[in-house]
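What follows is a set of notes on a single structure, which appears directly below.
The values are calculated or read from the model by the stated rules, or taken from the named source; none is laboratory data. Computed from a prediction, not measured in an experiment: that's the story for all the values here. Cβ coordinates were reconstructed from backbone atoms using ideal geometry, including for glycine residues, and neighbour counts include every protein chain displayed.
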Amino acid sequence: MILLLLVLNSEEDRAIVADLFAKNYHRMKRTAMGILCDPTAAEDAVQDTFVRCIKHFDRLKALPEQARSLYLVTAVKNNALNRRRQRGTQATVPLESFDPVDQSAAVEERAIQSLSVAELKEAFKRLPESLKDVLRYKYLLELSDREIADALGVTKSTVRVYLVRARRAVLGMCRENGYAKEND
């Protein structure tokens, strides 16, 4: 990373990239881990994303400061998805990071949270990619509905609809497989 900073023309640009790296590294690594489930591959995806961003630094610098973090997370997500496709492996998302049951959660969410990780993984594999993304952003990256809406280019209310659909789909699949009861 340090050698790549030398490619940049000004000390100001180097400071911007170093600050972006420091502020976004852990979030980017969690994103890559959620897709690749391999620490080494996730680290490679993060580093490769930063290399690409430095090569196209003018585009990154032109973005508003708040959008830069979102851009980096989206870029590492796409990089990790491409790596997974090239590997030819199925996604296995570490759902262990889901929070324990929250009493204020919706009925579907509480039912889902009461399921085992293995049951959730099985249902998660069968979801469409768009619903997987919403769940990853919400539960693995712990983004707010507004941040998810910005990442997907939709409204906050659309994000809420996607979350309800995703939760219902996961719960429905778990019920089909006998993991959850109808009254859950």
The condition of being buried (at least 17 other Cβ atoms within 10 Å of the Cβ) and polar (S, T, N, Q) holds, among Asn82, Asn24, only for Asn24
Check every one of the helices (runs of 4 or more DSSP H) wholly within the range 35-116 and list those with 3 or more residues that are over 17 Å from the mean Cα position of the chain (by Cα), at positive phi and modelled with pLDDT of 60 or more.
none
For the list (1) of a type in the set (Val, Ile, Thr); (2) at pLDDT below 80; (3) surrounded by fewer than 17 Cβ atoms within 10 Å (Cβ to Cβ), I need the number of the one condition that Val164 fails.
(2)
I'm checking my understanding of the structure. Among residues of the range 1-21 that are surrounded by fewer than 17 Cβ atoms within 10 Å (Cβ to Cβ) and in a loop (DSSP other than H, G, I, E, B), which one is modelled with the highest pLDDT?
Ser10
